[in-house]
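In what follows, a structure is listed as structure tokens, so that the remarks can point back to it.
The values are calculated or read from the model by the stated rules, or taken from the named source; none is laboratory data. Because the structure is predicted, anything quoted here is derived from the model rather than measured. Using ideal geometry, Cβ is built from the backbone for each residue, glycine included, and neighbour counts are taken over all protein chains shown.
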Amino acid sequence: MAKVTIDGRVIEVPDGITILQAARMIGPEVAPPTMCYHSKLKTSGGYCRTCLVEVTKSSEKDPRPMPKLVASCRTDVMDGMEVGNLSSPKVIEARKSVVEFLLLNHPLDCPICDQAGECHLQDLSYEHGSSKTRTDFERRTFEKISIGEKIQLHMTRCILCYRCVKVAEQITDGRVHGVINRGDHSEISTYIEQAIDNDFSGNMIDVCPVGALTDKTFRFKSRVWFTKPVLAHRNCEKCSGNVNLWFKGDEVLRVTGRKDQWGEVEEFICNTCRYDKKATSDWTVEGPSPVNRHSVISANHYEVFTKPTEFKLNDVKPLSIQEGDKS
Amino acid sequence: MGKKILLAHDHVPGIQGYEVYRQNGGYASVEKAVKSMSAEALVEEVKKSGLRGRGGAGFPTGNKWNFLAKPEGVARYLVCNADESEPGTFKDRYLMSRIPHILVEGMITSSFALGVNTAYIYIRGEYYYIVSILEKAIEEAYANGWLGKNILGSGYNLDLYLHVGAGAYICGEETALLESLEGKRGNPRIKPPFPAIAGLYGCPTVVNNVETLAAVPFIVNNGGEAYAQIGIGKSAGTKLISASGHINKPGVYEIEMGITVEDFIYSDEYCGGILNGKKLKAVVAGGSSVPILPADKILTTPSGEKRLMSYESLADGGFASGTMLGSGGFIVMDETTSIVENLFTFARFYHHESCGQCSPCREGTAWMEKILHKMIDGHGTIEDVDLLWEIQAKIEGNTICPLGDAAAWPVASAIRHFRSEFEEYVRNPNSIKVVRHYDSTQNLVNA
């Protein structure tokens with residue numbers, strides 16, 4: 001067991017887990033944001049640097065602070081460790097700069113992006129970013145490419161989190177895509193535009209934190225906040241069959257994996273469930289999906305019946321009264 | 001003349017070949033080590049010698065060897081980092097092309113000390129002409145029984161392989177080098193685990209620079225004490241310095257640590273003074289990534305003493321007024337050099353070589369290059385100078401590997417020491433070709 005203090009909150013956790021996991025056990029108020037880490041994918045994390053934290057005391061044995069900020073998703077806890085997340089000005093500054101770096105080349109095309117409303121980068125920049133940009137250079141752009149029948153790759157929006165590469169490596173039969181080129185020319189691509197075709201490729205869409213990989217059967221059908229997520233399951237030979245159905249009216253617009261509190265997929269689903277079962281009759285519906293009340297999706301999830309406060313003219317006081325000439 | 005260890009026989013004709021090298025005392029260290037010394041005793045000698053990593057970081061080699069995990073039944077590896085790509089550094093190239101056997105000998109002795117049966121030399125792809133030189137040396141070593149099975153009848157086996165990189169600066173970072181050696185994309189790994197625990201193919205691995213390994217034969221032959229007595233304080237031994245820029249005699253020099261920087265630049269034994277009798281403006285002392293220092297700061301330490309060519313003396317004053325010995329890439333700039341244009345060259349290099357894994361380096365290096373490009377084109381503003389300063393501060397320390405730091409330090413130091421030149425550059429983009437020289441107080445001298 002290791003005793004860890006994060007932002008002044010103490011928790012006892014088993015050895016061998018990371019600072020990020022310990023912070024998530026305490027709760028969302030101290031958990032650092034993540035873009036590239038995904039709990040279900042091994043060796044993910046460490047790339048985006050949004051989860052950087054300051055370790056002010058390494059352990060009981062070695063109380064020295066760590067010289068640099070560390071990636072909490074890839075640093076194991078030690079007994080007696082003291083960590084500063086939001087309580088550390090250094091961390092807040094570093095996170096702000098990571099957001100700035102990520103947005104340098106990310107197109108601000110949210111109004112036409114299918115991911116808007118469930119985009120991790122939107123949330124991140126809203127919570128930790130600054131409201132102004134300091135660059136007027138042209139952004140880096142790529143041609144859109146179609147990787148397979150059902151997946152659209154919009155590389156311009158990619159933040160190179162490597163999650164989709166890990167999905168292909170760990171849960172599909174053979175990886176045919178990866179990162180090519182170097183530095184800020186790096187791009188996710190397939191070898192000579194090969195199609196990605198296997199039963200679990202659709203999960204790449206679910207793990208993509210931004211709108212770089214989108215579902216062609218859902219593209220431009222609706223804004224996500226006009227659809228209502230519903231938990232459902234079916235007997236499937238390939239996967240668990242536990243999914244989220246996204247309804248607009250009576251129509252199922254898309255099927256995705258279920259996501260946990262941190263926006264990470266709980267169970268990966270197969271392409272049959274994702275693309276081919278779009279009738280309500282294919283599914284056993286369990287009930288509405290839990291949606292974080294801060295999410296834009298919840299705004300439309302249930303009708304809001306609150307009366308507008310009544311407005312009385314008499315309550316209005318003039319801001320200032322000019323003393324006129326009374327004579 | 002200073003003491004020479006690595007280049008002691010550089011002048012001997014035919015030293016590149018096995019016969020001449022052997023006649024000049026070559027491979028004596030292997031004989032001594034394999035026949036009369038234990039692995040532990042060898043590591044102890046290297047520890048005593050105070051030898052430090054010559055690739056740039058200056059980490060004590062003995063300690064590094066001591067950290068190597070030695071689990072039962074698991075292979076261990078020694079990898080020689082010959083991916084020398086730091087701009088301004090060309091010492092390993094010289095050493096390998098002139099005396100290839102000294103590296104092979106150093107690797108055999110070191111492998112024996114570490115209990116390694118398979119060793120690799122990872123050489124930079126651009127050094128294609130050295131590949132054949134090294135391959136020939138390795139072949140000769142095999143033919144004469146220094147490599148292979150049962151070396152000198154001791155029962156010790158060692159295989160040495162040469163692996164050619166494909167031309168990426170990032171593969172000089174030790175974990176990226178290991179990835180590349182495994183046949184993967186050369187991306188740095190996230191540490192921990194360090195290579196001493198899980199390196200090549202997940203096995204404990206030591207990665208050492210060419211020059212470090214080449215110094216091992218001397219230590220074994222003469223004892224660690226003898227090596228420790230050369231040099232000054234904790235900077236033991238000799239160092240190869242690649243001198244370039246505006247000097248009369250550019251080239252690779254083996255210096256005994258502790259000579260003064262002034263001596264090194266102006267004495268006829270070494271650089272021989274500034275080209276055409278011009279004034280010294282600035283020096284990058286250890287390869288492009290270490291902080292650049294203006295003339296007065298490189299020649300004297302903050303306490304007013306003469307600065308020496310040693311790890312400690314060059315770092316005296318921290319980054320505010322010091323720099324690092326680094327890999328020994330000594331770039332001298334005279335008064336006609338534009339710091340802004342020079343910095344643009346460096347920034348372009350780091351942008352081009354960033355691997356693209358982590359966001360601060362991937363986006364930050366590109367951003368810095370774009371801003372500097374804008375300045376060179378004459379569209380810069382004063383705010384851009386401040387922005388550059390902020391960007392480098394945001395990259396430094398926040399990345400997976402040291403490339404982020406290496407990209408940030410030149411920018412930081414150039415602005416720290418030559419801010420007025422940047423301001424002049426953005427204010428008067430047309431006059432920059434004429435007005436360039438500032439003294440250390442940042443006043444214009446030759447307006």
Residue pairs within 7 Å by beta carbon, gap of at least six or interchain, first lying in region A:134-150 and over 16 Å from residue A:211 (Cβ atoms), second surrounded by 12 or more Cβ atoms within 10 Å (Cβ to Cβ) and not small (Gly, Ala, Ser), listed first then second, are A:134/B:387; A:135/A:104; A:135/B:367; A:137/B:370; A:148/A:196; A:148/A:197
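Here's the yes/no breakdown for (1) surrounded by fewer than 18 Cβ atoms within 10 Å (Cβ to Cβ); (2) touching a strand residue (DSSP E or B) at 6+ places or on another chain (Cβ under 6 Å):
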position: A:235; (1), (2): yes, no
position: A:238; (1), (2): yes, no
position: A:241; (1), (2): no, yes
position: A:249; (1), (2): yes, no
position: A:256; (1), (2): no, yes
position: A:265; (1), (2): no, yes
position: A:271; (1), (2): no, no
position: A:276; (1), (2): yes, no
position: A:279; (1), (2): yes, no
Only residues in region B:380-398 that are within 11 Å of chain A (Cβ to nearest Cβ) count as the first member; pair them with residues that are not in a helix (DSSP H, G or I), Cβ under 6 angstrom, at least 6 apart or cross-chain, and list the lot.
B:397/A:68; B:398/A:49
In the list B:340, B:332, which residue meets the criterion of being of a type outside the set (Ser, Thr, Tyr), within 30 Å of residue B:232 (Cβ to Cβ) and crowded, with 19+ Cβ neighbours inside 10 Å?
B:332
Out of all the residues in region B:267-274, is one or more part of a loop (DSSP other than H, G, I, E, B), touching a strand residue (DSSP E or B) at 6+ places or on another chain (Cβ under 9 Å) and hydrophobic (A, V, I, L, M, F, W, C)?
yes
So which residues in region B:139-171 are at positive phi and within 14 Å of chain A (Cβ to nearest Cβ)?
B:167
Among residues of region A:212-227 being outside any loop (DSSP other than H, G, I, E, B) and in contact with a Lys or Arg (Cβ under 7 Å, 6 or more places away or on another chain), the residue surrounded by the most Cβ atoms within 10 Å (Cβ to Cβ) is A:215
Checked A:124, A:160, A:153 against criteria (within 12 Å of chain B (Cβ to nearest Cβ), surrounded by 13 or more Cβ atoms within 10 Å (Cβ to Cβ), in contact with a Lys or Arg (Cβ under 8 Å, 6 or more places away or on another chain) and at pLDDT 90 or above); the one match is A:160
Counting only residues that are more than 27 Å from residue A:110 (Cβ to Cβ), within 14 Å of chain B (Cβ to nearest Cβ) and in a loop (DSSP other than H, G, I, E, B), region A:180-211 contains a total of 1
Please specify each residue of region A:6-50 satisfying the condition of being of a type in the set (S, T, N, Q), under 17 Å from the mean Cα position of the chain (by Cα) and in a loop (DSSP other than H, G, I, E, B).
A:34, A:39, A:44, A:50
Hey, can you tell me all the residues within region A:60-88 that are among the charged types (D, E, K, R), within 12 Å of chain B (Cβ to nearest Cβ) and free of Cβ contacts under 8 Å to residues at least 24 places away in the same chain?
A:68
In region A:89-106, which residues are facing chain B (nearest Cβ under 9 Å) and of a type in the set (Lys, Arg)?
A:96
How many residues of region A:128-152 are assigned to a loop (DSSP other than H, G, I, E, B) and either in contact with a Cys (Cβ under 9 Å, 6 or more places away or on another chain) or over 30 Å from residue A:93 (Cβ atoms) (or both)? The answer is 7
Which of the residues that make up region B:227-244 are crowded, with 21+ Cβ neighbours inside 10 Å and closer than 24 Å to residue B:338 by Cβ?
B:242, B:243
